[in-house]
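Step one of this worksheet: look at the structure below.
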Amino acid sequence: MHQETLHFLSTASAKSSFTSSFFHPKPHHGFPSLSRPRNPHFSPISSIKATVSLPLKPPKTPEILSISPPTHPQPNSQFQEKMLYLDSIGLDFLSLLNHHPPIISAPLSDIKSTVDYMTSLGFTAIELRRIAGMCPEILASRVADIVPVFTFLLREARVKGSDLKRVINRRPRLLACSVKHRLRPTLYFLQSIGISEVNKHASLLSASVEDKLIPRIEYFENIGFSRRDALWMFRRFPQLFNYSLKDNFEPKLNYFVVEMGRDLKELKEFPQYFSFSLENRIKPRHQCCVEKRVYFPLPVLLKASEAQFRNGLE
C-alpha cells in the first residue's frame, strides 16, 4: 500500500469515530502546504549579479514544485468519500477493511450499486449492516456477480420469492459464492444423497462438498454406521452438516457412548441429539434420570419442555 494511503488511514483511525446514524458530514479537504523560501534581501550589486547569473542558476521555487508535486490529495479524497458513504449507511470502513482488506480497492460506484440493488429487493438498512458485517465481501462484489446468485436460488434451488430475504439474512455468504464452482455442485450433491427439498436447507449451498459435507458423512461411517445408515441420518436431519466434528460430534458422541451407555441405533433414529446443548440439556437431564432410575427414549429425554420433563420424572 502506498505510504500516503497508510498515513491517511492511520490518521483517520485516530481522529474519526463513525456511528451508525445516517448523516453526511462536511468533507475536509486537506492539501499539503508547500514551503517556499523567504526572499533574501539583496544589495543592488548582488541583485545585478543574480540577474546576470539567472539563466545559469534557476530559482529554487520551481525546483521544489518539480520534486514534490501535490499528487496525494486526490486518492486521499477518494478514500474519505468511501468512508463517509459507508458511514452514512451505518458501516465502519476501518472495521470492514480489517475483515476484508480488498474492499480498499473496490470502486465506490460498485459499492453504491450493490447497496442500491439490495435495497431495491427490500433489504432494510439494518439488514444490510448485518449482512455486510457477516460477509464484507458482498460490498466488494459487483451487481453483475450477485444477480446470478438470486437467479440460481429462485430457479434451480427452488427457493420461494417470499423466502429469499430470510435465506440471505440467515446465510449472507451465499451472495459471495460462485454459482458454477460452489452453489450448483453442492445442490447436485445434496440431491444425489436424497435431500429433495434443498430449498428448506438453502444455507447449506454455500458449503464445500469436499471440505465440509463429505467429511461429516465419513465421520459417522468411521464410528460404526454403514454408509446407508449415515446417509439416512443426514437425509432425516440435514442440519448435521452444519455441526463441528471437534466441538460437537466428538464430545457428544463420547458422552452418549461412555456416560449414557446407549446404542448407536438410537442416534440413527434421532440424529437431532447433536442439536441439543451438552452442558445445558443432555448432561443435566441424563443425570436426573440416573438419580431417579428412570429411562427415557432420546426424543422424550431431550425434546420435552422443562415442565414436561419434570412431570415425567415424577
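Counting only C-alpha contacts under 8 Å and six or more residues apart, can you give the relative contact order of the range 224-312 as a whole percent? It rounds to 25 percent for the range 224-312.
Residue ranges 216-224, 80-88 sort as 80-88, 216-224 when ordered by packing (mean number of other C-beta atoms within 10 Å per residue, highest first). Shown for the range 72-213: the carbon plus sulfur share of the solvent-accessible area, taken with all protein chains present and a 1.4 angstrom probe, equals 51%. Model label sites at CYS288 and LYS212, defined 7 Å from Cα along the beta-carbon direction, differ in position by 3.4 nm.
The residues of the range 97-246 present an accessible area of 51 Å² per residue when probed at 1.4 Å with all protein chains retained. Working note: Karplus 6.51/-1.76/1.60 with θ = phi - 60° gives the range 111-128 the couplings 4, 4, 5, 5, 4, 5, 5, 4, 5, 5, 8, x, 6, 7, 4, 5, 5, 5 Hz, where Gly and Pro are set to x. Sequence-distant contacts, meaning Cα pairs under 8 Å at least 6 residues apart, place the relative contact order of the range 105-218 at 23 percent.
Take the residue pairs LYS252/LYS292; LYS265/LYS303; LYS180/LYS246; LYS268/LYS303; LYS160/LYS303; LYS180/LYS252 and return only those whose Cα atoms are more than 26 Å apart. Distance filter (> 26 Å) returns LYS180/LYS246; LYS160/LYS303; LYS180/LYS252.
The values are calculated or read from the model by the stated rules, or taken from the named source; none is laboratory data. Just so it is clear, the structure is predicted and the values come from calculations on it, not from any experiment. Methodologically, a virtual Cβ is constructed for each residue, glycine included, from the backbone with ideal geometry; neighbour enumeration extends over all protein chains shown. Just so you know, the surface numbers come from the protein's heavy atoms only, side chains and all, with ligands and any DNA or RNA stripped out. Shrake-Rupley method; radii C 1.70, N 1.55, O 1.52, S 1.80 Å.
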